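The values are calculated or read from the model by the stated rules, or taken from the named source; none is laboratory data. Remember, predicted model here, so these are calculated numbers, not experimental data. Heads up, the Cβs are rebuilt from the backbone with ideal geometry, glycines too, and the neighbour counts pull from every protein chain shown.
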Amino acid sequence: MSEGRLFALVLLGLAGFSVAAARQPLAAHTLALGLFGLPHVLSELRYVDRRFGAGLRSRRGAGLAALLACIVLARIAGVMGWLGASLAVPFELCCAALLALVCAQGSGLRRAVAALCGAGIGAATLVSPFETLVVFSILHNFTPLGFLWQIAPRALRPKVLAFAGAAFLLLPLAVALHAPGALFDAAGADPLGAGPLVQHLGVYVPSRWLHLVAARDLFAACVAAQGAHYASVILLLPALLARIEPNARGLVAWPPARVFLPAIAVAGAVAFIGFAHDFQEARALYGVVAALHAWVEIPMLILALTPGDAASIASPASSEPPLAQSETSSARSKRSVAIHAINPASTTTTRLSSANSDGQWPKRS
């Protein structure tokens, strides 16, 4: 299957998912979380490691690993109740700021971007740590834009930009504006017994906006953006990497796609059973692994999108020769790379609101 056809099919699926998000945002959110939450985390960790991991065998890589371990421990402590949310959340965000600062090496642009990101996270944490975490939950949905830009060769970039613009901007905007029609169901179905929609709005809506009618629209739009995030990290990024650098290796010995894809499908099925049994408990446990994959994106995007010294952090232009050669071989043999598809869906990577029933952090006063 060609990249253009894959992008078109994924976009068609996302259009359907966006209508579902507008019609039943709670059901779309919880079902996507249960079915695709864990597979999406594992898929993105595999991609990031295989694309960038080889360039992190250094003191900087050790520092990043230590900070990510601290984030996971802080999330575990918060979920288990060993550490209150008022301490666990700021600690996690401070570690995230340090993740950015660790990347302040190499070119002047990289140092400036890393310092700006680190200082921004630190300042926002001092002002309002809980709202900062909600904002990062929203921004996390859009991180595939950077990864897609980084890996796309010049010849493929127009298709990538067209997909990105439609999937990450137009569809969520259409949902926010009710463009699919007056489809929004204020009550909404609750197939997994996750609780009413109002208890979940805080995933993507800052607390000061929760009382607004537009809070429902913002939540639904962000659920649509989750779909684009999921489709990108499960389908598009691995497919592009397999085409451009089929022998990519990272720090972890990941299984090949023919083994990995069935494995994450099984993991998703097991996770879904857990969500169906006890949504709040499963969500709390999922939040631990989700925190790892969400925060690792900050240093990876800084390293990927700024010039520096890591050989494995390739620019889009440097990816062109392998892809061009692959496309030539494909044209000669009348064959294209087979893409193993998993239905796109979405989920949030971090969950924080004033409601304790969502199973992430204890209720804050």
### Message
Being aliphatic (A, V, I, L, M), within 18 Å of residue 202 (Cβ to Cβ) and under 17 Å from the mean Cα position of the chain (by Cα) is the filter here; which residues of the stretch 16-37 pass it?
### Response
28, 32, 33
### Task
For the stretch 37-58, indicate whether the set of residues that are under 23 Å from residue 171 (Cα atoms), surrounded by fewer than 23 Cβ atoms within 10 Å (Cβ to Cβ) and hydrophobic (A, V, I, L, M, F, W, C) is non-empty.
no
### Query
Here are some conditions: (1) over 29 Å from residue 127 (Cβ atoms); (2) surrounded by fewer than 20 Cβ atoms within 10 Å (Cβ to Cβ). Residue 84 meets all but one. Which one does it not meet?
(1)
### Task
Of all residues in the stretch 75-94, count the ones that are touching a residue at least 12 places away in the same chain (Cβ under 8 Å) and either part of a helix (DSSP H, G or I) or of a type in the set (A, V, I, L, M, F, W, C) (or both).
13
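For every residue, the table says whether it meets (1) closer than 26 Å to residue 244 by Cβ; (2) of a type in the set (S, T, N, Q).
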| position | (1), (2) |
| --- | --- |
| 107 | yes, yes |
| 115 | no, no |
| 120 | no, no |
| 124 | no, no |
| 130 | no, no |
| 142 | yes, no |
| 145 | yes, no |
| 150 | yes, yes |
| 155 | yes, no |
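Residue 172 - would you say it is out of contact with any Leu (no Cβ under 8 Å at 6 or more places or on another chain), in a helix (DSSP H, G or I) and within 24 Å of residue 139 (Cα to Cα)?
Numbers: out of contact with any Leu (no Cβ under 8 Å at 6 or more places or on another chain): yes; in a helix (DSSP H, G or I): yes; within 24 Å of residue 139 (Cα to Cα): yes.
Yes: the conditions hold for residue 172.
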### Task
Read through the list (1) in contact (Cβ under 8 Å) with a residue 40 or more places away in the chain; (2) touching a Lys or Arg at 6+ places or on another chain (Cβ under 6 Å), then give the number of the only condition that residue 104 fails.
(1)
### Summary
By residue number, the members of the stretch 284-313 that are modelled with pLDDT of 90 or more and among the acidic types (Asp, Glu) are 297
### Message
Restricting to the stretch 95-109, name every residue that is in contact with a Pro (Cβ under 9 Å, 6 or more places away or on another chain), in a helix (DSSP H, G or I) and surrounded by 19 or more Cβ atoms within 10 Å (Cβ to Cβ).
### Response
99, 100, 102
### Task
Scan 73, 83, 93, 67 and give me the residue that is of a type outside the set (Val, Ile, Thr), more than 16 Å from residue 250 (Cα to Cα) and out of contact with any helix residue (DSSP H, G or I) (no Cβ under 9 Å at 6 or more places or on another chain).
73
### Task
Identify all residues within the stretch 243-268 that are buried (at least 19 other Cβ atoms within 10 Å of the Cβ), more than 19 Å from the chain's Cα centre (by Cα) and assigned to a helix (DSSP H, G or I); write none if there are none.
243, 244
### Message
Filter the stretch 113-136 down to the residues that are crowded, with 21+ Cβ neighbours inside 10 Å, touching a residue at least 24 places away in the same chain (Cβ under 8 Å) and among the small types (Gly, Ala, Ser) and list them by number.
### Response
114
### Single unsatisfied condition, residue 156 versus (1) within 26 Å of residue 223 (Cα to Cα); (2) buried (at least 21 other Cβ atoms within 10 Å of the Cβ); (3) touching a residue at least 40 places away in the same chain (Cβ under 8 Å)
(1)
